[in-house]
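Participant: Let me begin by handing over the structure; questions about it come next.
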Amino acid sequence: DTAVSQTPKYLVTQMGNDKSIKCEQNLGHDTMYWYKQDSKKFLKIMFSYNNKELIINETVPNRFSPKSPDKAHLNLHINSLELGDSAVYFCASSQGLAGSSYEQYFGPGTRLTVT
Amino acid sequence: GDSVTQMEGPVTLSEEAFLTINCTYTATGYPSLFWYVQYPGEGLQLLLKATKADDKGSNKGFEATYRKETTSFHLEKGSVQVSDSAVYFCALSGQGAQKLVFGQGTRLTINP
């Protein structure tokens, strides 16, 4: 039983295209996150949602738009893809907001390559 | 703002060696501290955590103690195995900050 799942696992696309990454969690958690991991493994939060409400937007370009249709899903849509968007994107969820001791559960990641 | 600094990698050890990965942090108040591990091709998973000063987190033979006086949370294991090869991330969750702040990660390779 996969706790946090992401699709697709790999995404190769050309500059200027629009793409989406989907995330689903079956843990009953209230909070979901998107992280970006660059080629040096540095991990940075992009967004967090709590009960479908946006909590954190870490100065991410407007080309990135998260959408949470319900508590179990948090999708990431990216417009006008650029070379610098190439990275691994991780979805995560937790029982409550970070800023506490709640563990975050991570998905397997989506490797995005922009050519 | 809150920040986490880990020792530079990569770290390469022989099987059964003693492991220490240093982690220091900057934060106001009393953050919660975590170690996450990322095995090749996978997402991160929690290894251990500590939520207050002098707490010791432990799991799978790994330990880390929350040291408020030195703002540190160093990861240790007495005898590493090849299966411990992974990238290790130290992280903190500040009081009311609503997000995890990660260190840069330390790649560990264990040779048989």
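The values are calculated or read from the model by the stated rules, or taken from the named source; none is laboratory data. Small disclaimer: the values here were computed from a predicted structure and weren't measured. For neighbour counting, all protein chains shown are included, and Cβ atoms are generated from backbone atoms with ideal geometry for every residue, glycine included. All accessible areas refer to the heavy atoms of the entire protein, side chains included, with ligands and DNA or RNA removed. Shrake-Rupley method; radii C 1.70, N 1.55, O 1.52, S 1.80 Å.
Participant: Any chance you could count how many residues in segment A:49-71 are more than 11 Å from chain B (Cβ to nearest Cβ) and in a loop (DSSP other than H, G, I, E, B)?
Facilitator: Number satisfying all stated conditions: 8.
Participant: Is one or more of the residues making up segment B:102-111 within 26 Å of A:D38 (Cα to Cα) and hydroxyl-bearing (S, T, Y)?
Facilitator: Yes.
Participant: What strands (runs of 3 or more DSSP E), lying completely within chain B, carry at least 2 residues that are open to solvent by less than 30 Å² (accessible area, probe 1.4 Å)? Outline the logic, then answer.
Facilitator: Numbers: elements: B:3-6, B:11-14, B:19-21, B:23-26, B:32-38, B:44-50, B:56-59, B:62-65, B:75-77, B:86-93, B:100-102, B:106-111.
Passing ranges, in order: B:3-6, B:19-21, B:23-26, B:32-38, B:44-50, B:62-65, B:75-77, B:86-93, B:100-102, B:106-111.
Participant: Does A:D38 satisfy being closer than 30 Å to B:W35 by Cβ, in contact (Cβ under 8 Å) with a residue 12 or more places away in the chain, of a type in the set (D, E, K, R) and loosely packed, with under 13 Cβ neighbours inside 10 Å?
Facilitator: On the way: closer than 30 Å to B:W35 by Cβ: yes; in contact (Cβ under 8 Å) with a residue 12 or more places away in the chain: yes; of a type in the set (D, E, K, R): yes; loosely packed, with under 13 Cβ neighbours inside 10 Å: yes.
Here the answer is yes, as A:D38 does meet what is asked.
Participant: Then there's this: Of the numbered conditions (1) more than 14 Å from the chain's Cα centre (by Cα); (2) at the interface with another protein chain (Cβ under 10 Å from one of its Cβ atoms), A:Y33 satisfies every one except a single condition; which is it?
Facilitator: If we test A:Y33 against (1) more than 14 Å from the chain's Cα centre (by Cα); (2) at the interface with another protein chain (Cβ under 10 Å from one of its Cβ atoms), just (1) comes out false.
Participant: A follow-up question, please. Inside segment A:45-93, can you point out the residues that are within 27 Å of B:D2 (Cβ to Cβ), open to solvent by 50 Å² or more (accessible area, probe 1.4 Å) and touching a Ser or Thr at 6+ places or on another chain (Cβ under 7 Å)?
Facilitator: Correct list: A:K52, A:I55.
Participant: Something else: Scanning for something within 12 Å of chain B (Cβ to nearest Cβ), part of a strand (DSSP E or B) and at pLDDT 95 or above, does segment A:13-20 turn up at least one residue? Write out each step before concluding.
Facilitator: Here is the first cut: in segment A:13-20, the ones within 12 Å of chain B (Cβ to nearest Cβ) are none.
No; the residues of segment A:13-20 include none that is within 12 Å of chain B (Cβ to nearest Cβ), part of a strand (DSSP E or B) and at pLDDT 95 or above.
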